[in-house]
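J.: Below you'll find the structure I mean.
The values are calculated or read from the model by the stated rules, or taken from the named source; none is laboratory data. Keep in mind that this is a model prediction, so the values were computed, not measured. Here the Cβ positions follow ideal geometry from the backbone for every residue, glycine too, while neighbour counts run over all protein chains shown. Just the protein is used for accessible areas: all its heavy atoms, side chains included, with ligands, DNA and RNA removed. Shrake-Rupley method; radii C 1.70, N 1.55, O 1.52, S 1.80 Å.
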Amino acid sequence: MATHDAGSFRNGFPFSASPFGKNAGWASVGGPRPDPGAAKVTDGSIPEGHAPVFADPAPRLQNIAPAAPNSVALPTSRPYAQRPIARQTGLRLLPLGSFVWGAKGNPPRPRTRSDHSLIWVTRGYAQLDLPRKERLLAPDTVCFIPAGTAFAFLPRAGAEGQVMLLAPQMAQDNDPPFPARMIAGMAGDEGAALHLTLHELSIETARNAGAAGMHCLLGMLALLLGRLQPLIATPDRTTIPQRDRSLLERFMNLAGSRLKQGITIADLAEELGTTSAALDHACQLGRGKRAIDLIHQIRLEMAVQALRETRHSPAQIARDYGYASHTHFTRAFVAATGRTPEAFRTQSSS
């Protein structure tokens, strides 16, 4: 698929500043849509969080197609301290390198947003984390993430592209409609048209133009999202030594059986006959996360299962799976799924 790296617009995009700095599923283009009436918790319910861009010399996606000649490029990233453009319109365009999203952590943890997010990576790589799922976005990847979806986003060093943030009310009567679930694909042959559409949207936004023109351009944008090409297949993570693979498997099994005991990483490492550092190394190689982050993931998955399959109260589930309190459980659950445990149970049983 083509990576767009040659410019044809002289003036570029008037990018604005960024203050940023499932269970929502991952659906292919044309995938199923969730119940639009499902309750969600907006980003205002969760504390702000951001993390710095970090370098990663070994990206998890490889074999990306080389840049195509005569393709279109987007401007490189700018600092945060740029004057916002026409924010009252409900549409903002940002350089990808300045957009970081998620609850506090390194890397950031999934958190919901109250606006739609369109992410286009044109150069380098960016990390997109969903609850219990990770994606490394390669060049030419386009993602549309509807409002209310829990996700974390972190561009890696040298990543370029752009992000569009769109207020949901602007897309209410769009024809065709924007996807109701997250979709991702490669811009491919539609890259030039996508660039042009975003360019025109930036001009209309800067002019604070009328709704008719914006509506037409947003309709074109939704049409292009429906034409995204399939993602490049994600290869398996680089093969790790058998010793580390075995350690990771034993750790996952042991951690799942000891959650109710409030056991620490040091305790688990000692029981597995290794050190905390070696355990972290194996987890990073095999799952791309530290051991403590994998424990949080296991705890959340088991709590979700308990909410679906038992009649235990959320407070009881919090005690059963090692959360400090019902409040701690609720905050962690909202940050990961965008819903309270009570709302999740209600929706799961309906």
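J.: Would you work out if segment 166-222 is rounded, prolate or oblate? Take a ≥ b ≥ c from the square roots of the eigenvalues of the alpha-carbon gyration tensor; rounded if a/c is under 1.5, else prolate when a/b is larger than b/c, oblate otherwise. Don't skip to the answer; put the middle values down first.
T.: Details: a/c = 2.18, a/b = 1.19, b/c = 1.83.
Here segment 166-222 falls in the oblate category.
J.: Could you pull the accessible area for Ser246 with a 1.4 Å probe, rounded to 10 Å²?
T.: Estimated to the nearest 10 Å², Ser246 gives 40 Å².
J.: As an exercise, take the mean of 1/r over every pair of distinct alpha carbons in segment 239-320, invert it, and state the Kirkwood radius in angstroms. Don't jump to the answer; show the numbers that get you there.
T.: Details: mean 1/r = 0.0749 Å⁻¹.
For segment 239-320, the Kirkwood estimate is 13.4 Å.
J.: Taking R0 as 45 Å, what's the FRET efficiency between Thr264 and Asp173 from their Cβ-Cβ distance, rounded to 0.05?
T.: On the way: r = 53 Å, r/R0 = 1.18.
E(calc), rounded to 0.05, equals 0.25.
J.: Roughly speaking, what is the centre-to-centre gap between segment 309-350 and segment 174-223 when only Cα atoms are used, to the nearest Å?
T.: Cα centroid to Cα centroid, the span is 38 Å.
J.: Quote to one decimal, in nm, the extra length available between Glu271 and Leu196 on full extension: 0.36 nm per residue of separation minus the C-alpha distance between them.
T.: 21.2 nm
J.: Here's another thing I want to ask about it. Enter the accessible area of Tyr321 (Å², nearest 10), with the probe set to 1.4 Å and all protein chains included.
T.: 30
J.: Moving on. If you keep only loop residues by DSSP, which trypsin sites (Lys or Arg not before Pro) in segment 138-239 have at most 15 other Cβ atoms within 10 Å of their Cβ?
T.: Arg227, Arg237
J.: With the cut-off at 1.5 for a/c, could you classify segment 154-263 from its C-alpha gyration tensor as rounded, prolate or oblate?
T.: Numbers: a/c = 3.09, a/b = 2.29, b/c = 1.35.
Verdict is prolate for segment 154-263.
J.: Just to verify a number: what accessible area does His312 come out at with the full protein assembly present, 1.4 Å probe, Å² rounded to tens?
T.: Estimated to the nearest 10 Å², His312 gives 90 Å².
J.: All other residues with a Cβ under 14 Å from the Cβ of Gly219 taken together, and with Lys, Arg as +1 and Asp, Glu as -1, what is their net charge?
T.: Values: positive: Arg227; negative: Asp173, Asp175, Glu200, Glu204.
Its environment carries a net charge of -3.
J.: At a 1.4 Å probe, what is the % contribution of carbon and sulfur to the accessible area of segment 212-350?
T.: Here it works out to 53 percent.
J.: With r as the distance between the Cβ atoms of Ser257 and Gln347 and R0 = 22 Å, compute the FRET efficiency 1/(1 + (r/R0)^6) and round to 0.05.
T.: The pair Gln347/Ser257 has a calculated efficiency of 0.15.
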